[in-house]
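So the structure is just underneath, and the comments pick up after that.
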Amino acid sequence: TRKESSAASDVYKRQTMVGIAMVASGSAMAATGKAKKVAKTNDEVQKIIYTCKGNKNLDVVYINTAKSSYAMITQSDEIIPLEIFPMASGANYKSMDKNYTYQLLTKGKSATLEADGKAIYEDCTIAN
């Protein structure tokens, strides 16, 4: 059915994102802050570390593919894939898993991570 097909597609997307993140955590992640091409594709993987209010760090792995853009965050010892969604300005991502409410709001060198509509990492800027 259509619902089963959509659910299977969501599972495939999550598995693909986790696979890309695993590749990224190896060779491509070694150069933090620099985009790296993955395998023989034009996909790019980039790890950015943000310094946030309260001296907290937010690590984000950005994955840009020909079809879409994604961000991977780690919360509660889980890798959470986020997919880009349209906004007037900035690049904003929301959880691909409907069980999570995470949103990563970015603009320039700034970012905020929200859950349930409340900031959990705020006033974040790219660490030097």
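The values are calculated or read from the model by the stated rules, or taken from the named source; none is laboratory data. Just so we're clear, the structure is a prediction, and the values are computed from it rather than from any experiment. Note that we place each Cβ from the backbone using ideal geometry, even for glycine, and neighbour counts take in every protein chain shown. Note: areas computed on protein heavy atoms with side chains; ligands, DNA, RNA excluded. Shrake-Rupley method; radii C 1.70, N 1.55, O 1.52, S 1.80 Å.
If the condition is being not in a strand (DSSP E or B) and not hydroxyl-bearing (Ser, Thr, Tyr), then the stretch 57-100 contributes 66, 67, 77, 86, 87, 88, 90, 96, 97, 98, 99. For residue 16, indicate whether it is hydroxyl-bearing (Ser, Thr, Tyr), assigned to a loop (DSSP other than H, G, I, E, B), over 25 Å from residue 110 (Cα atoms) and at pLDDT below 90. It is false that residue 16 is hydroxyl-bearing (Ser, Thr, Tyr), assigned to a loop (DSSP other than H, G, I, E, B), over 25 Å from residue 110 (Cα atoms) and at pLDDT below 90.
The rows are residues; the columns are (1) touching a helix residue (DSSP H, G or I) at 6+ places or on another chain (Cβ under 8 Å); (2) within 26 Å of residue 42 (Cβ to Cβ); (3) buried (at least 18 other Cβ atoms within 10 Å of the Cβ).
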site	(1), (2), (3)
62	no, yes, yes
67	no, yes, no
85	no, yes, no
96	yes, yes, no
111	no, yes, yes
115	no, no, no
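Summed over the stretch 69-81, residues that are within 24 Å of residue 42 (Cβ to Cβ) and open to solvent by 80 Å² or more (accessible area, probe 1.4 Å) total 1. Counting only residues that are open to solvent by 70 Å² or more (accessible area, probe 1.4 Å) and under 18 Å from residue 123 (Cβ atoms), the stretch 98-107 holds 1 of them.
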